[in-house]
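Worksheet: one structure, shown below.
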Amino acid sequence: MTTAKNLRSVPLARRLLSATWITVGLAVVVTLLVSLRYPIILVNSLVTGGMWALMAAGLALVFGVMNIPNFAHGEFFMVGTLVAYYVFTPIHKMLLKNPSPLLSVVAPFAGILLAGVVGAVVGLTIEFLLFRQLRRRSKEQWVMNTFLLTAGLSVILINGTQLIWGTEFKGIPRYWEVRPLVLLGVSLSVDRVVVFGIALVTILAFWLFMRRSSLGRAMRAVAQDEVGAQLMGIDLNLVHMLTLGLSSALAALSGASLLFMFPSYPTVGLKPLYVAWYVVILAGLGNVEGAIAGGFIVALLQTLTSYFIGVGWEDVVPTALIILILLFKPSGLFGSEVKGIWEQ
Amino acid sequence: MLEIKGLDAGYDFLQVLWEVGLDVAEGEFVALLGPNGAGKTTTLRAVAGLVAPTRGEVLFRGRSVRGLPAHQVSRQGISFVSETLNLFPAMSVHENLLLGAYTVRDAARQQASLDFVFELFPRLHERRDQLAGTLSGGERKMLAIARGIMSSPALLLVDEPSLGLAPMLTLAVFEALQTLRRRGMTILLVEQNVNTTLHLVDRAYVLEQGRVVLQGKGADLLNDPHVQKAYLGI
């Protein structure tokens, strides 16, 4: 991680005492202690945490590279649930009549993958039709204007979905009709295990892409110095398309993966959107790697709260804690060095 | 190699350049001199595609690059090392250099460029894995120039490399530019350090208030009464 590298010159004792590491350390200790008595909490935090990480990473990416505070990010989650539902349900019905073991294993993956692809296409379309047009005309008040644009887009997408697909809940009880696994004395639905696997694989692939590939490096370059990136021969339009496509694909992927927990309906994306914003604010705006860690921390807070205090408090406790952390560390936990490109 | 003809350019309602004309032949080392605000940086920015000229022509190898977006100008083989350097502060020296060779797809050529710039600036090799944002001022300049030549450009535009540097480091940077020139790179240099620059370059242009007022061989300009009075304090 870049932050860790920068801290090399700081003495070890001060480094360990910094707010960041106290919080991360506490999170790890709490997880370990709690999971000894209540393994279910660990399991649930990991499953939702993985998906919050994907949501938040996409949000952080778009803010870091394009300086857009994306309040329509939840609608990509919604698109994901919708696509997965309409791909998976017909196949599932067909399978009830003439069962095929192979297809019943593969069908959910097909739905989830296709959701990611559709999400990417929707993202590319929006970059092309909205942001590129605005960028060409004026970059003044960019953050405020794009905030309003995405807020409006969110309203349009929610109501459009309601108009076309109606308001009823479109959910599924589970993806895989298999008996639950038993792990550490907890019975675990296969769905949760697979979803956690999808999150891990996606995070790893995304991280490798950003760190190792030439295009990923170009995206980080645009986030750090837009003019510098252009002088290196990097096509900004290409990077912007890629950024929004990737970010919306990640959101759609997490929506589709969590379909068994979040049945699809027009406003299903709002809660994941708020959570992704908690995470991004907690981790530091525009810090993608921090957002991945933050996703798990917020999921842990939520699971702990709903288990010990009550589901109604699920959003209150994380928000209160985030306010506390920001009071002492206004730049967020992982103190992002990547500032908005047009504010440097 | 580079020909600028009757170039007008500026920002919004402020016109900075008035019919600027200059040319740089292949393999030549040319300087653009002049006081603050004369339009030296704007000229380079107009060539690099960061400022859109309102009139005139910019020809590179006989083809117009006027109005092209900056990334396409860069792909034509023109590399611009800006005054603000535009480094990627949260990336390592190595990653900054790799981005310099972003348009080079051939891994062997990339490695050759990397070896070359590490030979030119051994200091950067020592700092290979350090973040660019934590380098000293001189090291940043070296990194910016090194990154600028990673794509083996045909033409290198350098904006005030001596700015804010200690005399020793300025010398090192100028020596590096001379080495590049001996290797056949064409260089257009913007400088305020008139005396040193004129000893170094083949030819120079003097820009004042957005117009070219003087041009000639470096040695001739050193003896020019206007240059001596205004820039050399003789």
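In terms of the Cα gyration tensor, with a ≥ b ≥ c the square roots of its eigenvalues, is the protein assembly as shown rounded because a/c is under 1.5, prolate because a/b exceeds b/c, or oblate?
Prolate, because a/c is 1.5 or more and a/b exceeds b/c.
Multiply the residue separation of A:V155 and A:W176 by 0.36 nm, subtract the distance between their alpha-carbon atoms, and state the gained length in nm to one decimal.
4.2 nm
Would you please state which residues of the stretch A:319-335 a label at A:I309 would reach in this model, taking the label point 7 Å out along Cα→Cβ and a backbone N cut-off of under 19 Å?
Flagged as within label range: A:319-328.
Which one of A:L304, A:L236, A:F77 is farthest out on the positive end of the charge dipole of the protein assembly as shown, using unit charges on Cβ (Lys, Arg +1; Asp, Glu -1) and the Cα centre as origin?
Working it through, the farthest residue towards the positive pole turns out to be A:L304.
Quick check on chain B: of the DSSP beta bridges with both residues there, what percent are antiparallel, nearest 5%?
Once the DSSP bridges in chain B are tallied, antiparallel ones form about 55 percent.
Which of the listed residues, B:H125, B:P161, B:V212, is farthest toward the dipole's positive end in the protein assembly as shown, when Lys, Arg count +1 and Asp, Glu count -1 at the beta-carbon?
It is B:H125, whose Cα lies furthest towards the positive end.
Let me know the shape class of the stretch A:238-344, please: from the alpha-carbon gyration tensor, a ≥ b ≥ c as square roots of the eigenvalues, rounded when a/c is under 1.5, otherwise prolate if a/b is greater than b/c, or oblate.
oblate
Could you name the aspartates and glutamates in cross-link range of A:K97, using Cα to Cα under 19 Å and dropping any fewer than eight places away on the same chain?
Answer for A:K97, where 19 Å is the Cα cut-off: A:E177, listed by chain and number.
Can you tell me what share of the DSSP beta bridges in the protein assembly as shown is antiparallel? A percent to the nearest 5 is fine.
60
Please compute, for peptide A:217-229, the average count of beta-carbon atoms on other protein chains lying within 10 Å of each residue's beta-carbon.
The shielding value for this peptide is 6.
How much net charge surrounds B:V190 when only the other residues with a Cβ under 9 Å from the Cβ of B:V190 are counted, with Lys and Arg +1 and Asp and Glu -1?
-3
Can you spot the aspartates and glutamates whose alpha carbon is less than 12 Å from A:K271's alpha carbon? Ignore those fewer than 8 places along the same chain.
Within reach: A:E75, A:E314, A:D315.
Taking the Cα centre of chain A as origin, sum charge times position over the Cβ atoms of Lys and Arg (+1) and Asp and Glu (-1), and report the length of that vector in debye to the nearest 20.
That gives a dipole near 500 debye.
What relative contact order, as a whole-number percentage, does chain B give when Cα pairs under 8 Å and 6 or more residues apart are counted?
About 27 percent, as a whole number.
If R0 is 22 Å, what FRET efficiency do you get for B:L232 and B:D202 from their C-beta distance, rounded to 0.05?
0.70
On full extension of the chain, what length is gained from A:L326 through A:R37, given 0.36 nm per residue of separation minus the C-alpha to C-alpha distance?
Between A:L326 and A:R37, full extension yields an extra 101.0 nm.
For the ranges A:148-160, A:296-308, what's the packing order if you count other beta-carbon atoms within 10 Å of each residue, average per peptide, and put the highest first?
Going by the mean number of other Cβ atoms within 10 Å, highest first, we get A:296-308, A:148-160.
Taking the Cα centre of the stretch B:82-151 as origin, sum charge times position over the Cβ atoms of Lys and Arg (+1) and Asp and Glu (-1), and report the length of that vector in debye to the nearest 20.
Roughly 80 debye, rounded to the nearest 20.
Could you tally the net charge around B:V104, taking each other residue with its Cβ under 14 Å from the Cβ of B:V104, Lys/Arg +1 and Asp/Glu -1?
+3
Along each of the three principal axes of the Cα atoms of the stretch B:82-151, give the extent in whole Å, ordering the values from largest to smallest.
Taking max minus min along each principal axis of the Cα atoms, the stretch B:82-151 gives 31, 21, 19 Å.
Quick check: convex hull over the Cα atoms of chain B, volume per residue in Å³, rounded to an integer?
It is 119 Å³ per residue.
Run the reach check for B:K229 against aspartates and glutamates, Cα to Cα strictly under 15 Å, same-chain hits fewer than 8 apart removed. What comes back?
B:E208, B:D220
Testing the spin-label approximation: label points 7 Å from Cα along Cα→Cβ at B:Q76 and B:A166. State their distance in nm.
It works out to 4.1 nm between the two label points.
Can you tell which of A:F262, A:F131, B:L2 lies farthest toward the positive end of the dipole of the protein assembly as shown, using +1 and -1 charges on the Cβ of basic and acidic side chains (Lys, Arg; Asp, Glu)?
Going by the charge dipole, the pick is A:F262.
Looking at the square roots a ≥ b ≥ c of the eigenvalues of the Cα gyration tensor of chain A, which shape do they give, rounded for a/c under 1.5, prolate if a/b is larger than b/c, or oblate?
Verdict is oblate for chain A.
Report, to one decimal in Å, the Kirkwood hydrodynamic radius for the stretch A:31-177 based on all distinct Cα pairs.
18.0
Which value at 222 nm does the protein assembly as shown reach when only helices count, each DSSP H run of 4 or more adding -39,500 (n - 2.57), with the total divided by all residues and rounded to the nearest 500 deg cm²/dmol?
Calculated mean residue ellipticity at 222 nm is -19000 deg cm²/dmol.
Taking the Cα centre of the protein assembly as shown as origin and charging only Cβ (+1 Lys, Arg; -1 Asp, Glu), how large is the dipole, in debye to the nearest 20?
Once rounded to the nearest 20, the dipole reads 1060 debye.
Laboratory data are not the source of any read-out in this text; all were calculated from the coordinates shown. Here the structure is a predicted model, which is why all the values come from computation and not from measurement. With ideal geometry, Cβ positions are generated from the backbone for all residues, glycine too; neighbour counts draw on all protein chains shown.
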